[in-house]
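Everything below concerns the one structure shown next.
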Amino acid sequence: MPAQFKRSLYALCFVLSSVPAAGAETLAITVAGIEPVQGRVYVGLHRAPGTDEAFPSPQTMIAGSWRLAHGPDVRFVFSDLVAGRYAVAVFHDANGNEQLDADLLGIPSEPTGFSNDARGFVGPPSFDKAALQVNAERLETTVTVE
């Protein structure tokens with residue numbers, strides 16, 4: 001798969017026009033480690049992928065948002081979630097070009113992060129490594145970008 005296509009697909013997982021699932025739970029996400037304090041921070045909330053889907057991808061994302069990087073930590077809140085397993089994918093668009101920049105091999109050159117601070121060996125972590133159980137007891141999490 002060409003590197004440009006991989007970059008585009010990876011960046012698409014942070015599309016901002018998704019509708020959250022109806023429910024009663026709220027998840028607050030703090031993105032930590034924003035440096036330099038410039039550009040935008042993008043967060044995508046994902047459900048478990050089906051057999052023909054990958055995480056993170058536009059097909060698994062149920063909600064997304066962005067904020068200007070105004071300090072080393074940026075907070076996001078997703079409401080009206082059905083209790084269940086979710087994973088968070090984040091990137092810091094430090095140069096403000098509205099996409100996740102990557103090198104020729106498709107490796108991100110801007111900071112990224114995932115819930116549970118999960119890391120993949122080659123590429124993003126699996127959904128299971130990044131999965132959070134969102135319910136009345138689990139309403140907050142922190143994702144550190146590197």
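The values are calculated or read from the model by the stated rules, or taken from the named source; none is laboratory data. Note that the structure is a prediction, hence the values are computed from the model and not measured. Heads up, the Cβs are rebuilt from the backbone with ideal geometry, glycines too, and the neighbour counts pull from every protein chain shown.
Computed quantities for the displayed model
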| read-out | value |
| --- | --- |
| Single residue of region 35-59 satisfying the filter (within 21 Å of D101 (Cα to Cα) and of a type in the set (S, T, Y)) that is farthest from the chain's Cα centre (by Cα) | S57 |
| Scan of region 71-97 for residues that are of a type outside the set (S, T, Y) and crowded, with 21+ Cβ neighbours inside 10 Å, ordered by number | V74, F76, F78, L81, A87, V88, A89, V90, F91, H92, D93 |
| Residue among L104, L68, L100 that is touching a residue at least 12 places away in the same chain (Cβ under 8 Å) and crowded, with 20+ Cβ neighbours inside 10 Å | L100 |
| Counted residues, region 118-141 - those being more than 22 Å from A54 (Cα to Cα) and touching a helix residue (DSSP H, G or I) at 6+ places or on another chain (Cβ under 8 Å) | 1 |
| Any hit, region 83-100, residues being of a type in the set (K, R) and closer than 22 Å to T26 by Cβ | yes |
| Filter result for the condition that a residue is at pLDDT 95 or above and either loosely packed, with under 15 Cβ neighbours inside 10 Å or among the acidic types (D, E) (or both), over E53, E35, E137 | E35 |
